[in-house]
Structure formats: structure tokens, C-alpha cells
Amino acid sequence: MSLRSPSLTGTLLAWFRGKNRRLPWRGTSDPYRIWVSEVMLQQTTVGAVEKRYGAFVRRFPDLTALARASEESVLAAWSGLGYYARARNLRRAAQRILREHGGVIPRDPRALRALPGFGEYMAAAVASLAFGERLPAAEANVERVLSRVFALPGTAGSRELRERVLARARALLPAKRPGDLTAALMDLGQTICTPRRPVCAICPLAADCEACGLGDPEAWPRRRPKPPSVRLSLAAAVAEEDGRFLLVRRRSTWLNGLWEFPCGEAESDAASRANLEGRLRALGLELSGEPALGTARHTVVNRRIEITVFRARVRKASERPAGPRARWFRPADLAGAAIPTLTRKVAAAAGRSG
């Protein structure tokens, strides 16, 4: 197969336009909305983004609204999508664009790459999808599809493979509406050329796919070894007064600034409970001594977190926690709060999800 294959491009675009996949961010030429969707889709499934995208752009309908919003309100609108650094960088980039580019998203990929959260892929994707620049953009789906079509050697996510994929994608880009080719490759990877059990029988590129012809498409691209699974115990406390319960603002690189129930984490249940008790003392709280309210599970990359939820109480009325890093929430407040999925799971396990 030649490096540049007009027939391959034509086949893929015909499939893409005939399929007419309806997504909330499709059909818009607004660079702001295209950018927001691309940031959300990083490391997040299309299904999860479909549930959050509409509400986010209604709350922040344009770049100026996002730039002038508080970080907490942006994190609250992002709640449930995970990888919250993306939301912080989105807001920071909007502020830079407002300050340095008059509120207009630059179309120059070099200017885009200088913005927070804009790596090589994001700059190319926004320039291509929003501005029609003839630039290849290769995220995981594009990488997988082209790795299989051309049987490209290399490990998923490696610089070596990405360069090979970008070269192939560049050769396939049409002169007009090049972003459609990128979107088509993404769609194909999301719906047909999936990581496991690709549906080659209905793939429009099956006849030209070298990996399919070799009989083992899942062998491309070569996968990175998975890190070993780590089991962690997390003990969380629900302190409730007058129908409200206490959340504290997290201080860590993981979920920093988001609201969580007081908790302790360790490798064993006994150690996590001891850590929780120490944190409660610092807040003027203590465990009630009752049996656990419930349990839950949560997974973050290779961390398998087993959660046990306990009831806590204020030791003395004069020690009732308050301040910028502690807040009493009603169950109904959680829907609009800057809280991660883990906090929602603790609330559900305690029967306090509103």
C-alpha cells in the first residue's frame, strides 16, 4: 500500500459522512466548543462526555465566561469526568487567551502549543478540526487504527510509533476539510476498530488493512505492560448535623482542591481506620462507635480502592469544624459541588446522596 492512498481516504470519508454519527459537539464551527470537547475526550469515554458536555457549555457558553469563572465552579461543572488538571488547564488557557489574544483562540499551532494543557495532539486537533489546518492529529484511536491498517511496529503511546502514525495520517489528509479525516479515524477506533475484539467484518477499511489480512489485528499496536494492581483501603467518615454533612477540601496532587469526606488511606483496613481517626481529631471529630454505614469500591488507574464508611460526630459544639477548608453540605448540594466520583460513592454508601 502506498504512503498516500486517495482511495483509502475516500473510502473512510464516505463511511464517515454516511454514518452521520450524532454527537453534541459535532456540526459546530465554534473553536471554543470544539476545544472543550477535545479536552473532555482526553482519557474519557464518549459516553461519559456526552453526559457532561451540554451542561458545561451551557454554564460557560463562551471563552470569556470560562476565563472569568472561579476555579471551584469549573471543577464543579467538570465533576464526574476525572483527571481534573484538564479542567484547571482549560480555565487557565482561557484566561491566557483573553489576556494575550483578545479572547480569540489562535489558529496558529505554535501559539496553541504555548497555552496550558495544549500538547502536540491538542494543538493539532484544534487547528485541524476548528480552523481547517492540514495537520495530522493522533490520539489513541487514530494511533490504533493506522497501526493496524499499515501494520506499523511500535509500542502504544511511544514517540516512535506516534511519529510513524503521524506520517501516515499526514499523507491521507485531504486538501479540503482535513479535520473530517481525523474525526473519521477517531470514530472508526471508537466504534469498530476497538482495542479488544474489533469488528473487522463491518470495517470500511478491512480490505486494505494489513493487520486484518494477517489475521490478528489485536496484535497492533504492541501494548505497554500493565502496572501491577495495588489494593488500598480507605476509611471515610460521615459527620452529620441538622441534615448537613461535613466535607473537607483535599490537599494533594490527586484531586487537589475538591471536596471529600474526611478519610484515611492505607494498605490495610486497620491502618486506614487509624489514619482516619487521626484526621478526625484534627477536625474536632470522633468516630461514633457504631458499625460501618456501608462499603464501596473505586478504581483509579491501577489502584483498587476498598472503601468503608463510618459515622462520625463533633466532640464539642465549640469545636464544630468550619472555615475555607471545611464546609457543611446538604445532600442536594452535591449535584452542583466540586466533588469527585469517589465522594459521590461514599455518600451513596452512607445513604446520603440526596
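Estimated from the Cβ-Cβ distance and a Förster radius of 51 angstrom, the FRET efficiency linking D333 and E160 is about 0.55. Here's the list of aspartates and glutamates a cross-link from K176 could span, going by alpha-carbon distance under 13 Å and ignoring same-chain residues fewer than 8 apart: E133.
Helix 85-100: angle to the longest alpha-carbon principal axis of the chain, degrees 0 to 90, nearest 10? So the helix axis and the longest Cα principal axis differ by about 70 degrees.
Indicate, rounded to the nearest 5 percent, the antiparallel portion of the DSSP beta bridges found entirely in the range 230-349. Walk me through the numbers before you get to the answer.
Values: 23 of 33 bridges.
So the antiparallel bridges amount to about 70 percent of the total.
Basic side chains Lys and Arg get +1 at the Cβ, acidic Asp and Glu get -1 at the Cβ, and with that the dipole of the chain about its Cα centre reaches some 320 debye.
What Kirkwood hydrodynamic radius, in Å, does the range 170-240 give when the mean of 1/r is taken over all pairs of distinct Cα atoms and then inverted? Mind showing how you got there, number by number?
On the way: mean 1/r = 0.0632 Å⁻¹.
After inverting the mean inverse Cα-Cα distance, the result is 15.8 Å.
Restriction of the trypsin sites (Lys or Arg not before Pro) in the range 186-238 to DSSP coil positions whose beta-carbon has at most 14 other beta-carbons within 10 angstrom yields R196, R223.
Express the relative contact order of the range 230-349 as a whole percentage, based on alpha carbon pairs under 8 Å and six or more residues apart in sequence.
On the way: 240 pairs, mean separation 40.6, N = 120.
Over the range 230-349, the number comes to 34 percent.
Stokes-Einstein, applied to the Kirkwood radius of the range 23-181 over Cα pairs at a viscosity of 1.002 mPa s and 20 °C, places its translational diffusion at 131 µm² s⁻¹.
Rg then Dmax, both in Å and based on the Cα atoms of the range 1-116: 16.5, 52. Once C-alpha pairs closer than 8 Å and six or more residues apart are averaged by separation and normalised to the residue number of the chain, the relative contact order reads 16 percent.
How big is the Cα convex hull of the range 230-349 in projection, averaged over all directions, in nm²? The partial results should precede the final answer.
Values: hull surface 28.5 nm².
Mean projected area for the range 230-349: 7.1 nm², to one decimal.
Our note on the geometry: Cα centres of the range 13-34 and the range 166-244, 18 Å apart. Legend: calculated FRET efficiency, L98 to A55, from the Cβ-Cβ distance at R0 = 30 Å, rounded to 0.05, equals 0.85. In this calculation the C-beta distance from A348 to V300 is compared with R0 = 25 Å, giving a FRET efficiency of 0.90.
Once both axes come from the Cα atoms, what is the angle between helix 178-191 and the longest principal axis of the chain, in degrees from 0 to 90, rounded to 10? Approximately 60 degrees, to the nearest 10.
Full extension from R244 to R315: what is 0.36 nm times the residue separation minus their Cα-Cα distance, to one decimal in nm? All intermediate terms of the calculation are to be shown ahead of the outcome.
Details: separation 71, 0.36 × 71 = 25.56 nm, distance 1.65 nm.
Full extension from R244 to R315 adds 23.9 nm.
Please work out whether the range 99-223 counts as rounded, prolate or oblate from its C-alpha gyration tensor, where a ≥ b ≥ c are the square roots of the eigenvalues and a/c under 1.5 means rounded, while otherwise a/b larger than b/c means prolate and anything else oblate? In terms of gyration-tensor shape, prolate. Close amide H partners of L232, meaning residues 5 or more places away or on another chain with modelled amide H under 5 Å apart, are R304, I305, E306.
Computed over the chain, the P(r) curve from all C-alpha pair distances, binned at 10 Å from the origin, holds 5, 21, 26, 22, 16, 8, 2, 0 percent per bin. One chain, two ends: N256 and D216. Fully extended at 0.36 nm per residue, the span grows by 10.1 nm beyond their Cα-Cα distance.
Bear in mind that the values in this text are calculations on the coordinates, not laboratory data. All values reported here derive from a predicted model rather than from experimental measurement. When we count neighbours, we look across all protein chains shown, and the Cβ atoms used for this are built from the backbone with ideal geometry, even at glycine.
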